[in-house]
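Following: one structure in structure tokens, then a few remarks.
The values are calculated or read from the model by the stated rules, or taken from the named source; none is laboratory data. Only a predicted model underlies this, so the values are computations on that prediction, with no experimental measurement involved. Cβ coordinates were reconstructed from backbone atoms using ideal geometry, including for glycine residues, and neighbour counts include every protein chain displayed. Each accessible area value is taken on the protein alone, full model and side chains, heavy atoms only, with ligands, DNA and RNA left out. Shrake-Rupley method; radii C 1.70, N 1.55, O 1.52, S 1.80 Å.
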Amino acid sequence: PGVTRGKQWVSLDKGIDLLDMPGVLWPKFEDRSVGEKLAFTGAVKDDILDTETLAGRLLEVLREKGYLPLVCTRYKLNEADLTDKNGIEMLEAVGRKRGMLISGGEVDIERAAIMLLDEFRSGKIGRITLDLPQDEENNENA
């Protein structure tokens, strides 16, 4: 976000060109989930959000959408141990597994949150989609 300053053509393949243009975001979203998804992907700047809460919420959404196995594989966690935890508790488990500890054996939640968001955005957790296309019936009624 904020990188593209003007029109930019990128050649992808023979006969396929992509036009990259600066984006515009609405100042307020009617649906909270839209704003969350944009924040998860980095389209909303992290410095205006609570990173720990955002990362915890991302873990909850990934669990809700069936991506918990990818999270567990990436961070070598047991799926059953995360099923009943809230987002911050899951983030603590990730941080602990990665050895992100501070004095007293507590997890450095901020560091774990930054790492988790970075790995999600770079695709290291796996191929994940936050939105699925509407089914045919919903498309016709839209």
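What the table below lists for this structure:
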{"read-out": "Residue match in segment 29-40 (condition: within 30 Å of Q8 (Cβ to Cβ), in contact (Cβ under 8 Å) with a residue 24 or more places away in the chain, out of contact with any Gly (no Cβ under 6 Å at 6 or more places or on another chain) and of a type outside the set (A, V, I, L, M, F, W, C))", "value": "yes"}
{"read-out": "Cβ-Cβ under 8 Å pairs, at least 6 apart or on other chains, segment 90-103 side farther than 14 Å from R74 by Cβ, far side in a loop (DSSP other than H, G, I, E, B)", "value": "M100/D108; L101/D108; I102/D108"}
{"read-out": "Top-ranked residue in segment 8-21 [being outside any strand (DSSP E or B) and on the phi < 0 side of the Ramachandran plot; ranked as most open to solvent (accessible area, probe 1.4 Å)]", "value": "K14"}
{"read-out": "For K85: the one exception among (1) within 30 Å of P22 (Cβ to Cβ); (2) not in a helix (DSSP H, G or I)", "value": "(1)"}
{"read-out": "Residue among I128, I102, I48 that is exposed (fewer than 11 other Cβ atoms within 10 Å of the Cβ) and of a type in the set (A, V, I, L, M)", "value": "I48"}
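Condition check ((1) of a type in the set (V, I, T); (2) at pLDDT 95 or above; (3) surrounded by 14 or more Cβ atoms within 10 Å (Cβ to Cβ); (4) part of a loop (DSSP other than H, G, I, E, B)) across all residues:
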residue: G23; (1), (2), (3), (4): no, no, no, yes
residue: K37; (1), (2), (3), (4): no, no, yes, no
residue: L59; (1), (2), (3), (4): no, yes, yes, no
residue: V71; (1), (2), (3), (4): yes, yes, yes, no
